[in-house]
């Protein structure tokens, strides 16, 4: 057998069938036949590695584990798009274009709701793939992108150089399957397919990314050599010929009226698509005209994204049940006939409180309208009275807690009701969920299902009890083996060394969030000092309000709380703030406020970068603020900064300040996850904690 010849044959054959299956959705052989061919190729490559093609299909199968992601500077900026929310705004866009290019024509496309990436090819071979990041700097995720079967590892032509932009997404059916598997294991659910795709693509272990079955649509040529493309639509057709997966709905229109009519048609087909879209894009077709129109610092002037109104669906309200939060607050929740809204199937939605239910005239048995607040938390918008049959029933707040039987009372001056039981098991479970959550003590492996088992078994009744657990205790639980027990005990032990602010947040003091916990811990340095502080001492700290101060004092005066803290201390839980040494002096003595959204960087990451540079991150703008770092959708803090003439920085300017001293961390250093970049709780658990 000629091994080199056979390897080439199998490589070409598998590449062909992979394209037929993943790009054209038209398979010619069965999955089993494909797997057998792949196994043969893998075996030959192991025996004769010198003949392995760098674009071999086996590259997608053999995962690798990275220590972190390298940063990538985009030669061609990956800009965002200006948004439009009405036809009038689309017509205004057309008027601006026609002032410069009177004969402009347009192409319309889906606006895929995913994660934007860049793919670079040299002589037809994929050499690098990266995330958008902030548009100028992203992360090198080449190994993860190679696991996406619809991305060609080698183009159908040896193009000297080609950089394209695409949107990585998770198909709806894959998302539903993944969440069903996670729910069965008692693990946190993904909020929506976009978050799932983003978290999957940022895995340090590419084998995890492969398991997530991601897909991609390529929608733009960033840079090319040797193709001589004249129009955007010509470019899309060429990309398809080269082996890329492109959206088929990319017609050219001579007028903006025709283009907008297509936008409306796309909106009508939104529910039937196998992937999520959050809008449609209108682009000037001629590439030379684009150069004439140019761009602003953030967005091209030759394209606009039409954003559809928040998706609202009608479904049946089957029941209203109440949940008891960690503070005893009673939250009514709607049980719904499952319906897909904004990318995920919704079967429950928050109803907040009794006043909320009455104001929206919601009855049990009604047909109701559901949407996602901020595209995350499902909520009831209103009911449809004309659909009523007479069998509907009003919701009545129960007089006693369903968990402990204690009286339920309405909090004076508020819309909320509260369970008065001091030892309510529902409150205990949610307090424990908060204590172990990612932003608090970050005890990996202690999900709600495990905590509930521990509680039901009588092994824990307070956070301090977690530190008394033995291996034999954990082995008594369902689905807990030797390895998982060891991992859980290791995670619990590790939490003892957390910084003071994490413990302070984990204690669950009302109105005390993560940010205020950091500020208070930095100010007082020890938990003993915090416990003895007066309300005035807390109020004197910037960003700490009167109610938070009063809650802090009341919490630490409570004898049971003090005993619990003594127990935590006796088990070795750290009670001292850990001084963080700055990595440079680039921002020394400067006070920053971060506001708005930054693609590629979380706020926590930016705060860490400020602290690493020797600066101070504050929560509110004052005359003492040196700089405000403002991203997209910056609100009142930006307005106040302008009123006080506080210097306002873009992300690029901020990174430049750090970069001058060489201290700017890469996106990977500030935000790459250790494992799954997922929400700390399921949707239901998140609602409970609000």
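The values are calculated or read from the model by the stated rules, or taken from the named source; none is laboratory data. None of these values were measured; they are calculated from a predicted model. No Cβ is skipped: glycine too gets one built from the backbone with ideal geometry, and neighbour counts run over all protein chains shown.
A few comments on the model shown:
- Residue-level check: of (1) surrounded by fewer than 17 Cβ atoms within 10 Å (Cβ to Cβ); (2) closer than 21 Å to residue 342 by Cα; (3) out of contact with any strand residue (DSSP E or B) (no Cβ under 9 Å at 6 or more places or on another chain), residue 264 misses just (3).
- Checked against (1) touching a residue at least 24 places away in the same chain (Cβ under 8 Å); (2) surrounded by fewer than 13 Cβ atoms within 10 Å (Cβ to Cβ), residue 358 meets all criteria but (1).
- Selection count, the range 156-187, where residues are surrounded by 15 or more Cβ atoms within 10 Å (Cβ to Cβ) and either in a strand (DSSP E or B) or free of Cβ contacts under 8 Å to residues at least 24 places away in the same chain (or both): 10
- Which numbered condition residue 213 misses (of (1) part of a loop (DSSP other than H, G, I, E, B); (2) surrounded by 20 or more Cβ atoms within 10 Å (Cβ to Cβ)): (2)
- Restricting the range 221-238 to residues that are assigned to a helix (DSSP H, G or I) and under 20 Å from residue 77 (Cα atoms), the residue that is nearest to the chain's Cα centre (by Cα): 236
- Any hit, the range 94-110, residues being part of a helix (DSSP H, G or I), surrounded by 15 or more Cβ atoms within 10 Å (Cβ to Cβ) and in contact (Cβ under 8 Å) with a residue 12 or more places away in the chain: yes
- On the stretch given as the range 591-614, residues that are surrounded by fewer than 18 Cβ atoms within 10 Å (Cβ to Cβ), touching a residue at least 24 places away in the same chain (Cβ under 8 Å) and within 13 Å of the chain's Cα centre (by Cα) total 3.
Here is a yes/no grid of residues against (1) at pLDDT 90 or above; (2) crowded, with 19+ Cβ neighbours inside 10 Å; (3) outside the structural domain of residue 79 (by TED's automatic domain parsing):
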site	(1), (2), (3)
291	yes, no, no
297	no, no, no
317	yes, yes, yes
323	no, yes, yes
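- Members of the range 540-570 found to be under 36 Å from the mean Cα position of the chain (by Cα), farther than 15 Å from residue 517 by Cβ and surrounded by fewer than 14 Cβ atoms within 10 Å (Cβ to Cβ), listed by number: 540, 546, 547, 554
- Subset of the range 456-471 [assigned to a helix (DSSP H, G or I) and farther than 16 Å from residue 564 by Cβ]: 456, 471
- Qualifying residue in the range 319-331 (condition: closer than 25 Å to residue 95 by Cβ and in a strand (DSSP E or B)): no
- If you go through the range 128-155 and keep only what is surrounded by 22 or more Cβ atoms within 10 Å (Cβ to Cβ) and without any contact (Cβ under 8 Å) to a residue 24 or more places away in the chain, you end up with just 129.
- Verdict on residue 508 being in contact with a helix residue (DSSP H, G or I) (Cβ under 9 Å, 6 or more places away or on another chain) and either at pLDDT 90 or above or not assigned by TED's automatic domain parsing to the domain that holds residue 612 (or both): yes
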